[in-house]
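Worksheet: one structure, shown below.
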Amino acid sequence: MTRLHATIPVLLALYILTTLKTGRCALFTLRDVSYSVCLNNTADRNLYQSHVRHRCDVKGTIANCSDRGFFTVPSDLPSNITDLLFSYNNIDSVQGKALSGYYNLRCLDLSYNNISILLNTSFWNLTQLEVLDLSNNKLALYTPVQSLDYTQLSLQPGFLVPLVGLQVFDFSVNEQQCLFDLVPLLRSITHSDLKVLRMQNIVNSYMPCVTVSEIFASVLPRSLRELVFSSNSLAVIRHKVIASLPENLTILDISDNRLAFGTYLKNFSKLENLKVLKLNGGDLSFSLPTAYPSQEGKTCSRSELSTSQSTEMESSTNGTILKLPRNLKSVEIKIAGWSYSLTDFNIDPNNSLTTFTLNGNNIPNLVGNLTGLNHLKELELVNCNVRFISDHFFCNFPSLKKLDLSMNIFGHILSNKTKQSPFKCLKNLKQLNVSFALIITISKVALAGLDSLEELHMQSNPMYYFTPDISHMRNLRFINFSFTEVARLSSHVTRALDSIIRNRKRPITIDFGEAPIHCDCVNLDFLGWLVTAKIDLTNQNNKCVFDDSSEQRVADGFLDMHQTLKRQCTPRTGLFIGVFAATFLIVLVITASIIYRFRWKLRYLYYSAYLSLKSTENQTDKLNRFEYDVFISYVSEDQTFVMKTLYPKLQAAGLKVHVHCLHFLAGQPIGSNIVDAIQNSRYTLVVLTRELLDSVWCKFELQMANMEQVHTGRPVLVFLLMENLTKKELGTELLYHIQNSTYIMYPDSTVQPNEQQINIFWTKLVSDLRS
């Protein structure tokens with residue numbers, strides 16, 4: 001029984017093949033076997049279709065019947081479907097009310113069929129339909145000769161009228177004799193709510209001198225937001241066409257046409273809501289023509305051509321040539337056959353253009369000045385044959401953040417002969433792409449001015465060295481050196497990268513994929529940097545190139561290779577150099593230790609010798625007398641106490657007092673003044689506070705007084721303890737000096753001392769300084 005069921009479809013297919021006359025043919029597939037079935041009438045088609053109906057895939061409310069060999073729209077699909085995909089079938093007409101049962105449809109795709117007949121009732125009852133795709137059919141709108149009776153047309157121009165909710169309509173690749181034939185269809189939906197209209201490749205690609213009139217523009221749906229009218233051989237746009245376009249138009253695609261630079265551009269700024277303009281070239285090639293085009297070209301008179309191609313543009317005293325729509329954000333002119341050098345051209349600065357794409361044209365020279373694009377953020381000139389860039393060309397783009405100059409031939413502009421960077425004015429640029437630019441050498445100043453750069457794409461350039469100054473790129477996070485000949489980075493580049501990483505506190509990603517990194521002793525330092533620096537080697541196709549030109553893939557960031565070379569590259573002389581260096585270092589440390597141990601005595605002897613040479617008196621006389629009784633050593637924070645309390649009290653007691661602010665000789669070294677004061681004073685009184693512990697010169701005075709005491713054998717130091725300092729605060733050395741010298745505590749300021757205590761303190765201090 002199972003075997004019989006498996007045989008029935010095959011027998012049925014053979015029966016159809018043997019009983020039907022030749023006519024229309026379709027592909028019949030059963031159990032992965034294809035059969036050619038020829039059908040010549042409606043009954044035959046219905047018989048065939050009844051056996052393939054199950055081939056529609058219905059999932060939820062979506063019915064996919066694409067590429068199933070249907071000749072008519074099936075009527076037994078679920079009535080609740082919202083999306084009916086019926087492309088790549090053999091439908092030639094939608095007659096009557098074939099679709100009226102699918103009243104919930106929102107999307108209907110009938111593209112890539114053979115539809116040539118549509119009636120005004122073909123889409124009856126589809127009030128919910130929002131998207132209709134009729135592209136790539138045979139829907140020709142034309143007026144019969146000597147007749148305006150549209151009932152004679154196989155395509156009735158009111159077939160869209162029942163679609164009151166239609167938002168998107170694609171009528172592309174349905175060849176018309178002329179643009180005017182579309183007027184009745186467009187007029188039927190002029191006041192609809194259609195938002196997107198696509199009419200690509202409507203006119204024969206070989207039609208000469210296709211003209212867009214204001215009548216055609218005026219019948220376009222007024223609610224239109226996006227209009228795609230590419231590949232229609234447009235050559236002339238009448239002067240008033242721009243002003244007649246729907247005022248809410250935001251996207252306009254008229255790519256792959258033959259438009260001339262004409263006076264219609266004077267009204268271009270009236271498209272106030274336009275945001276995206278596409279003027280790209282064609283991406284598709286066309287077949288050779290099989291018939292001569294119609295005579296639409298005769299509608300273009302010489303006067304029309306002259307007016308449309310006139311360069312008599314609106315100008316003003318400030319040189320404004322072109323006014324852009326004020327809300328225009330993006331302009332695309334890719335592969336458009338342009339062959340211009342970008343020389344002086346003025347654009348009204350009252351615009352919002354942020355993206356300008358010119359990829360795939362012939363623009364050999366970037367000369368400038370191209371003014372008025374003050375808000376431009378992205379500029380793409382990929383594969384434009386750019387070979388010259390002036391030093392000031394980019395100075396008119398102050399807001400530029402992304403610049404793509406890849407696949408050009410301007411590499412020599414960045415060579416070692418470069419004196420000024422062409423990018424010097426791009427202070428806000430974040431991404432620069434100069435890949436495939438034939439860069440062989442790059443000068444130190446080639447990238448000057450790129451202070452905000454984050455990404456630098458240098459891949460696929462035949463350069464061996466990367467030597468420019470990048471220290472100013474404080475935001476740099478990615479460099480691409482893949483498919484270059486860069487074998488190492490110079491030391492000043494690695495230092496700059498280290499500095500950037502420290503400032504950003506984040507690693508930098510570097511792509512060395514397929515770059516020939518030399519793994520030898522000469523390159524050991526660079527390999528060490530790759531291992532230790534905070535960089536991410538994003539590409540897993542890193543490779544080592546050895547002295548014999550052999551290669552090895554590296555997947556661990558060169559860690560193993562660096563360790564291996566580090567062991568192999570240590571020379572025999574290194575041990576001798578190491579021992580010599582170690583010996584020299586030991587001697588140096590010992591010498592330094594001795595000098596440090598006797599540093600204060602050496603300084604004291606130095607200043608003593610200096611004073612001895614300066615003095616004209618006999619040294620023996622000098623030892624037997626003192627000019628001052630006491631030299632006060634204090635820090636500047638205690639000057640008020642010293643000058644207003646201590647100094648007057650000691651002088652009132654008959655003591656000769658030396659203070660540096662009154663008695664140091666101007667023009668003499670401070671060190672010699674200090675030693676001279678200590679040697680010419682019987683005592684050195686140290687006013688000891690916490691602030692004095694941090695004073696370099698007070699410490700110097702203390703050590704010089706100690707050296708004087710050791711050198712002469714006389715007591716010199718007297719300490720006036722102003723605060724209760726801990727042993728930890730005083731330190732071992734100062735504590736030793738205090739314990740082996742005279743010291744006296746100043747009355748505690750936190751407790752109100754009586755007059756007797758104060759008198760005892762001053763009496764004892766004066767007595768100690770006189771003894």
Next on the checklist: Quick check on the range 330-566: take the gyration tensor over C-alpha atoms, sort the square-rooted eigenvalues as a ≥ b ≥ c, and tell me if it's rounded (a/c under 1.5), prolate or oblate.
Outcome noted: prolate
Checklist entry - In whole percent, what relative contact order does the range 626-770 give with Cα contacts below 8 Å and a gap of six or more residues? => result 25 percent
Checklist entry - What are the trypsin sites (Lys or Arg not before Pro) within the range 339-419 that DSSP puts in a loop, where the Cβ has at most 13 other Cβ atoms within 10 Å? => result 417, 419
Checklist entry - Applying 1/(1 + (r/R0)^6) with R0 = 35 Å to the Cβ-Cβ distance of residue 339 and residue 378, what FRET efficiency is obtained, to the nearest 0.05? => result 0.90
Checklist outcome for this item: Protection proxy (average C-beta count within 10 Å per residue), highest first, orders 57-63, 116-122 as 116-122, 57-63
Checklist entry - By average Cβ neighbour count within 10 Å, what is the ranking of 500-509, 465-474 from highest down? => result 465-474, 500-509
Item to check | Förster radius 45 Å - calculated FRET efficiency between residue 696 and residue 559 (Cβ-Cβ, nearest 0.05) | outcome: 0.40
Item to check | Cut-off 13 Å between beta-carbons: net charge of the residues surrounding residue 62, Lys and Arg +1, Asp and Glu -1 | outcome: -1
Next on the checklist: Rounded to the nearest 20 debye, what is the charge dipole size of the range 626-770 about its Cα centre when +1 sits on each Lys and Arg Cβ and -1 on each Asp and Glu Cβ?
Outcome noted: 280 debye
Checklist outcome for this item: Loop-resident trypsin sites (Lys or Arg not before Pro) in the range 516-572 with no more than 12 other Cβ atoms inside 10 Å, DSSP not H/G/I/E/B, are 572
Checklist entry - Using +1 on the beta carbon of Lys and Arg, -1 on that of Asp and Glu, and nothing else charged, what's the dipole of the range 165-272 about the Cα centre, debye to 20? => result 300 debye
Next on the checklist: Checking the table 138/329; 278/417; 270/402; 278/505; 417/534 against a 31 Å threshold on Cα-Cα, which pairs fail?
Outcome noted: 138/329; 278/417; 278/505; 417/534
Item to check | Rounded to the nearest 20 debye, dipole of the range 419-481 from Cβ charges on Lys, Arg, Asp, Glu | outcome: 160 debye
Next on the checklist: Using the Cα centre of the range 449-581 as origin and beta-carbon charges of +1 (Lys, Arg) and -1 (Asp, Glu), tell me which of 522, 561, 533 is placed farthest towards the positive end of the dipole.
Outcome noted: 533
Next on the checklist: P(r) for the range 84-208, please, calculated from all Cα pair distances in 5 Å bins and given in %.
Outcome noted: 2, 11, 21, 27, 22, 12, 4, 1, 0
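Every read-out reported here was derived from the displayed coordinates using simple, explicitly stated rules and does not represent laboratory data. Owing to the predicted nature of the structure, the values given are computational and were not obtained by experimental measurement. Reconstructed Cβ throughout: ideal geometry from the backbone, glycine too, with neighbour counts over all protein chains shown.
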